[in-house]
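Novice: Mind having a look at this structure? Questions to follow.
The values are calculated or read from the model by the stated rules, or taken from the named source; none is laboratory data. In this text the structure is predicted, and so the values were computed from the model without any measurement. As a convention, Cβ positions derive from the backbone with ideal geometry for all residues, glycine included, and neighbour counts pool all protein chains shown. In case anyone asks, the SASA skips ligands and DNA or RNA and just uses the protein heavy atoms, side chains included. Shrake-Rupley method; radii C 1.70, N 1.55, O 1.52, S 1.80 Å.
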Amino acid sequence: MTESVIYKNILAGAEQQGDDDKGYQEGYLGDAIRFKMNRDGKRFWAGDNISEYLQGADKEQLINDAAEAFEVVLDRLLIDRETDPNSKGTAYRLAKMYFNEVMAGRYESAPDATAFPNDSADRYEGMLVVRSELRSMCSHHHQPVSGVAYIGIIAAQKLIGLSKYTRIAQWCARRGTLQEELCNDIAREIMKATDSENVGVYIQAVHGCCENRGIMAHSSLTQTTVLKGAFTTDAGTKKEFFDNIKLQQDFAPR
Ligand SMILES: [Zn+2]
C-alpha cells in the first residue's frame, strides 16, 4: 500500500476499511494531520500556527505519540531511562513541554482581543508603546530565546486591552522562531487585532544557541526592528518610538 493510500484510509475512517485492507495499520494522528495540511497547501513550519487543524482531544494524543518518539531519541542518545530516576519520565515531560509551553503558540488559536471603540471626538490619537516580556525558542537548535518586545502603535478606530499586546506577542513567540520572523509576526498580528496601519516592533533578546553552544557569547544581544506606516515614513514618529523605548529601558532595565 502506498503512503498516500494509507493517509487516505486514515482520513476516510473505518467505513472504507474493507477486506482488502488486511494488514492496514493505522498511522499516527500526526501523519493524518500532516497529510491534510499538505493537501491544503498549508505551511507548517516551526513558527506557523496550525490550531485550525487540531480539535478536541487531538493534543493529548499528539503528546502521547511525541512522548513515544522522545523515548526513541533518549535511547539513541544512550540515556538510561529505565534506572536513571531523573530520566524516567523525561520523554513525556518533553512532549508535554513542547505542546503546552515552549511551542504552545503553534497549537493554540489566537488570543481573544476584544476591541473598544476609539472613534469619539476626544479619541486617543497619540502613540502607545507596550513592553512585552518574551520567551521563545530558535528553530535551528531549539534553544531558548529570551527578551523584550516593544510594541508601538498609533491607535486607529479601535483599541485593545493593554495586556492583549503582550498576549499576542507571547502567542507569536511560543513557537520555533527566528527573531527576524518573530518581529514580523508580532507586527502583523498587532495590525490585524487593532486595524492600525502604523505599528513598530522592536525586539532585543539573548539566544541560548549563542550562549550555551557555538560561539558561547554570554553578553550578545540581538536587536530587530519592524516598522510599518508612519513609523517608516515619518521621521518624527520613528524618533518618538525609539525615545519611548529608551524611557522604558531607563524605567525597567533588563
Ligand atoms: Zn539557534
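Novice: From (1) within 16 Å of the ligand (Cβ to nearest atom); (2) on the phi < 0 side of the Ramachandran plot, pick out the condition that doesn't hold for residue 93.
Specialist: Unmet for residue 93, out of (1) within 16 Å of the ligand (Cβ to nearest atom); (2) on the phi < 0 side of the Ramachandran plot: (1).
Novice: Of all residues in the stretch 183-208, which are within 16 Å of the ligand (Cβ to nearest atom) and open to solvent by 20 Å² or more (accessible area, probe 1.4 Å)?
Specialist: Residues satisfying the conditions are 206, 207.
Novice: Now for a separate question. So how many residues does the stretch 77-96 have that are crowded, with 16+ Cβ neighbours inside 10 Å and of a type in the set (A, V, I, L, M, F, W, C)?
Specialist: 3
Novice: For residue 167, which of the numbered conditions (1) basic (Lys, Arg); (2) in contact (Cβ under 8 Å) with a residue 60 or more places away in the chain; (3) part of a helix (DSSP H, G or I) fails to hold?
Specialist: Failed condition: (2).
Novice: While we're looking at this one, here's another question. How many residues are of a type outside the set (Val, Ile, Thr) and modelled with pLDDT of 90 or more if we restrict to the stretch 211-222?
Specialist: Number satisfying all stated conditions: 1.
Novice: Among (1) within 23 Å of residue 50 (Cα to Cα); (2) more than 16 Å from the ligand (Cβ to nearest atom), where does residue 144 come up short?
Specialist: All conditions are met except number (2).
Novice: Starting from residues that are exposed (fewer than 11 other Cβ atoms within 10 Å of the Cβ) and closer than 23 Å to residue 202 by Cβ, keep the ones in the stretch 109-130 and report whichever is nearest to the ligand (Cβ to nearest atom).
Specialist: 126
Novice: Please go through (1) polar (S, T, N, Q); (2) farther than 13 Å from residue 223 by Cα; (3) open to solvent by less than 50 Å² (accessible area, probe 1.4 Å); (4) within 16 Å of the ligand (Cβ to nearest atom) for residue 212 and return the number of the only condition it doesn't satisfy.
Specialist: Evaluating residue 212 over (1) polar (S, T, N, Q); (2) farther than 13 Å from residue 223 by Cα; (3) open to solvent by less than 50 Å² (accessible area, probe 1.4 Å); (4) within 16 Å of the ligand (Cβ to nearest atom) leaves (3) as the failure.
Novice: Pairs needed: first member in the stretch 227-243, in contact (Cβ under 8 Å) with a residue 12 or more places away in the chain; second member anywhere, open to solvent by 70 Å² or more (accessible area, probe 1.4 Å); C-beta distance under 6 Å; at least 6 residues apart or different chains.
Specialist: Hits for this filter: 229/197; 231/238.
Novice: Give just the number: which of (1) of a type outside the set (A, V, I, L, M); (2) surrounded by fewer than 16 Cβ atoms within 10 Å (Cβ to Cβ); (3) not in a strand (DSSP E or B) does residue 133 not satisfy?
Specialist: (3)
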